[in-house]
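Down below is the structure, laid out as structure tokens.
The values are calculated or read from the model by the stated rules, or taken from the named source; none is laboratory data. All values reported here derive from a predicted model rather than from experimental measurement. Cβ coordinates were reconstructed from backbone atoms using ideal geometry, including for glycine residues, and neighbour counts include every protein chain displayed.
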Amino acid sequence: MRIEKDALGEVAVPEEAYYGAQTQRAIENFAVGTECLPVGFVHSLARVKQAAAVVNADLGLLAKDVAHAISQAAADVLDGTIDLSAFPLRIWQSGSGTQSNMNMNEVLANRANELLGGRRGQKSPVHPNDHVNLGQSTNDIFPTAMHVSTVLALRNALLPSLWMLSDALEKKAVDFGDIVKIGRTHLQDATPLTLGQEFSGYAAQLRQVSGALEHALQEVRQLAVGGTAVGTGLNTHPDFGRKVCEALARSTGEPFVQQENLFAGLAAHDAIVRLSGVLRSLAGALLKIANDIRWLGSGPRSGLGELHLPANEPGSSIMPGKVNPTQCEMLTMICCRVFGNDAAIAMAGSQGQFELNVYKPLMAHAILQSVDLLAEGMVSFSARCVSGLAVNREQVQAHVNRSLMLVTALNPHIGYDQAAALALQAWREGRTLRDVALASGLLTAESFDAWVCPAAMTQPKAPEV
């Protein structure tokens with residue numbers, strides 16, 4: 001152990017640790033739960049600190065060698081030279097994230113001092129507060145890192161995964177374009193459509209959410225850096241926040257800008273709340289798609305049985321030969337978690353008392369977990385379920401042939417009331433619609449076969465006058 005000092009006195013810190021006294025106190029004071037801030041957040045916080053050091057040097061506020069050492073220390077975090085064991089804190093800490101901000105400050109200061117020939121724990125020539133945290137406050141830097149990490153996760157993981165799944169569904173829509181099947185509304189038989197049309201609806205749902213995510217990204221790219229403690233920018237250069245945003249834009253390729261109103265940037269996190277709402281809508285779309293596919297693959301002999309789902313693994317520990325829709329179940333569980341995270345984010349986002357929201361670590365963890373789970377879940381679902389879907393054509397055709405809702409094609413010819421009577425009679429007597437229609441004398445066999453054509457019912461057609 002080494003002995004360090006902070007404002008409250010001496011603290012024993014493990015000799016090999018890159019963190020310091022304040023992190024050690026937090027380890028002891030917040031031994032709650034197991035959830036740590038995601039690696040994407042940790043790396044984004046390092047990026048912000050790196051940009052801040054470079055900007056402070058450019059503004060003449062930080063010695064070039066100190067700034068370079070801090071920047072290199074941040075690079076060591078980003079490339080894994082300093083691993084995540086240096087960042088052990090749980091998210092259940094100060095609601096501003098002060099402990100995690102100081103954790104990063106201490107790690108970068110200690111590594112910078114090593115690079116400059118010093119040792120860990122000496123706080124010289126690089127001090128965690130005076131140099132690494134120069135011109136910053138946890139209150140503006142934590143939400144800045146939260147936004148940066150969220151944008152990068154969306155751009156690098158979620159949106160590509162969404163496009164992958166959308167393309168897979170679109171391909172199936174083309175492959176299944178000639179397969180006429182019975183539609184279902186209220187879980188009851190309805191008029192026909194093609195399986196391709198059904199899958200085109202799934203792809204369209206995801207494309208619509210993709211547009212909403214792109215729109216939400218514009219707001220999340222606005223950063224709170226430069227606001228310091230309460231939004232006034234106390235103890236920072238007037239150009240600091242803008243220049244840090246420009247530096248982050250250069251290093252990430254994302255057009256980050258400083259928030260127009262920094263008071264809102266610290267006291268409220270409405271952009272994250274709104275983005276979470278879009279993620280909730282994506283989860284809703286995925287839940288519908290996965291459950292539809294699960295229903296269509298139910299059976300194989302006592303369910304709908306219209307789709308064959310890939311057999312990825314044995315499905316039961318007791319029933320031999322059973323195969324379950326496990327990818328659908330995996331994805332729907334992820335969707336339930338996203339719904340829960342959205343509720344937590346909405347509640348946390350409402351807790352911005354006066355000049356500061358104090359639920360930041362929770363919001364950062366929840367939004368990034370939702371993004372990561374959705375991204376990974378869609379990749380798996382696309383590769384291990386959608387791409388391998390096959391059609392049970394015989395079952396699809398049998399369902400079409402038995403359906404009573406084909407009678408809808410007769411409405412323009414014999415009227416709704418008589419068509420309804422035929423359908424009800426066929427259902428009660430267990431006969432086919434064609435048999436009952438011909439026996440009624442309302443139409444001939446030739447007329448029935450011409451008017452009741454399932455394939456023709458899948459496209460708009462003006463009624464005959």
Inset, instruction - Being buried (at least 20 other Cβ atoms within 10 Å of the Cβ) and not small (Gly, Ala, Ser) is the filter here, so list the residues in the range 223-250 that pass it. - result: 223, 225, 228, 236, 240, 243, 244, 245, 248
Inset, instruction - Report, by residue number, each residue of the range 180-207 that is among the aliphatic types (A, V, I, L, M) and either closer than 14 Å to residue 296 by Cα or over 33 Å from the mean Cα position of the chain (by Cα) (or both). - result: 180, 182, 187, 190, 195
Legend entry - Number of the exception - residue 94 against (1) at pLDDT below 95; (2) within 28 Å of the chain's Cα centre (by Cα): (1)
Legend entry - Failed item, numbered, when residue 126 is tested on (1) buried (at least 24 other Cβ atoms within 10 Å of the Cβ); (2) not in a loop (DSSP other than H, G, I, E, B); (3) not assigned by TED's automatic domain parsing to the domain that holds residue 211: (2)
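Going through 277, 253, 284 one at a time, which residue ends up being within 26 Å of the chain's Cα centre (by Cα), on the phi > 0 side of the Ramachandran plot, surrounded by fewer than 18 Cβ atoms within 10 Å (Cβ to Cβ) and not β-branched (Val, Ile, Thr)?
253 is the lone residue from the list that is within 26 Å of the chain's Cα centre (by Cα), on the phi > 0 side of the Ramachandran plot, surrounded by fewer than 18 Cβ atoms within 10 Å (Cβ to Cβ) and not β-branched (Val, Ile, Thr).
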Inset, instruction - Could you name every one of the helices (runs of 4 or more DSSP H) located completely within the range 180-279 that has at least 3 residues being more than 30 Å from residue 341 (Cα to Cα) and either at pLDDT below 95 or not assigned by TED's automatic domain parsing to the domain that holds residue 95 (or both)? - result: 195-220, 240-252
Legend entry - Number of positions in the range 113-123 that are assigned to a helix (DSSP H, G or I) and not polar (S, T, N, Q): 2
Legend entry - Matching residues in the range 247-302 - criterion: being under 23 Å from residue 173 (Cβ atoms) and among the hydrophobic types (A, V, I, L, M, F, W, C): 282, 283, 285, 286, 287, 289, 290, 293, 295, 296
Inset, instruction - Can you run down the residue pairs with Cβ atoms below 9 Å, 6 or more apart or on separate chains, where the first is in the range 306-321 and on the phi > 0 side of the Ramachandran plot and the partner is surrounded by 12 or more Cβ atoms within 10 Å (Cβ to Cβ)? - result: 321/314; 321/315
